[in-house]
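I have a structure I would like to understand better, so I am pasting it below and will then ask my questions one at a time.
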Amino acid sequence: MKDIIVDDLQNTVDEFLIRHKSILDILTKIQESSARVNRAVAKSVTECGCLKINAQKQEIPEDATIEDAHKYIKTHVDGELCDNCREVLETEIGNNIFYTIALCNTLGLNFYDILLKKDKELNTLGVFNML
């Protein structure tokens, strides 16, 4: 069922992407949408205040195992998104996904297959995947 939803989304993106069909347009729209996601997070801190950032050096005990690292690594985010900021971020992340799928379409890649490949990679390599 999930593959049908993702494939349907990929087909819908292909159908509705008209104006920014050039690969150059798609690449710059991905970059623009990523910046808008970053800006929406920043505004949730600086304008709304629903989030606070409390950043400092990550402290991991020397004797901690890689499996225990998640207990010590912090996100540096305090608070929760308010309804308005959540809606803005969902929209901006959705736009980013739209253009990522558009890039997949232009390059003949299947977005669902990419998700499956990444899931398999994560499940195979576990915590060592992103080191």
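Of (1) surrounded by 12 or more Cβ atoms within 10 Å (Cβ to Cβ); (2) in contact with a strand residue (DSSP E or B) (Cβ under 8 Å, 6 or more places away or on another chain); (3) of a type outside the set (D, E, K, R), T100 satisfies all except one. Which?
Exception for T100: condition (2).
Given the conditions (1) open to solvent by 100 Å² or more (accessible area, probe 1.4 Å); (2) modelled with pLDDT of 95 or more; (3) over 30 Å from V6 (Cβ atoms), which single one is not true for C50?
Failed condition: (1).
Under 6 Å by Cβ, and 6 or more places apart or on different chains, what pairs join a residue from segment 3-26 that is touching a residue at least 40 places away in the same chain (Cβ under 8 Å) and in a helix (DSSP H, G or I) with one that is open to solvent by less than 60 Å² (accessible area, probe 1.4 Å) and of a type in the set (V, I, T)?
Q10/I101; V13/I101
If I ask for residues that are of a type in the set (S, T, Y) and open to solvent by less than 80 Å² (accessible area, probe 1.4 Å), which ones from segment 73-97 would you list?
The answer is T91, and nothing else.
Another question, if that's okay. Just to be sure I understand, how many residues within segment 70-92 are under 30 Å from A35 (Cβ atoms) and assigned to a helix (DSSP H, G or I)?
Number satisfying all stated conditions: 11.
Tell me, yes or no, whether segment 66-76 has at least one residue that is in contact (Cβ under 8 Å) with a residue 60 or more places away in the chain and touching a helix residue (DSSP H, G or I) at 6+ places or on another chain (Cβ under 6 Å).
Yes, because at least one residue in segment 66-76 is in contact (Cβ under 8 Å) with a residue 60 or more places away in the chain and touching a helix residue (DSSP H, G or I) at 6+ places or on another chain (Cβ under 6 Å).
Looking only at segment 103-119, filter to residues that are part of a loop (DSSP other than H, G, I, E, B) and not aliphatic (A, V, I, L, M); which one of those is most open to solvent (accessible area, probe 1.4 Å)?
Applying the filter and picking the extreme gives G108.
Further, regarding this structure: Consider A69 carefully, then state whether it is open to solvent by less than 80 Å² (accessible area, probe 1.4 Å), touching a Phe, Trp or Tyr at 6+ places or on another chain (Cβ under 9 Å), more than 30 Å from R19 (Cβ to Cβ) and modelled with pLDDT under 90.
So A69 fails the test.
The values are calculated or read from the model by the stated rules, or taken from the named source; none is laboratory data. Computed from a predicted model, the values in this text were never measured in an experiment. Glycine also receives a Cβ, built like all others from the backbone with ideal geometry; neighbour counts cover every protein chain displayed. For accessibility, only protein heavy atoms count, side chains too; no ligands or nucleic acids. Shrake-Rupley method; radii C 1.70, N 1.55, O 1.52, S 1.80 Å.
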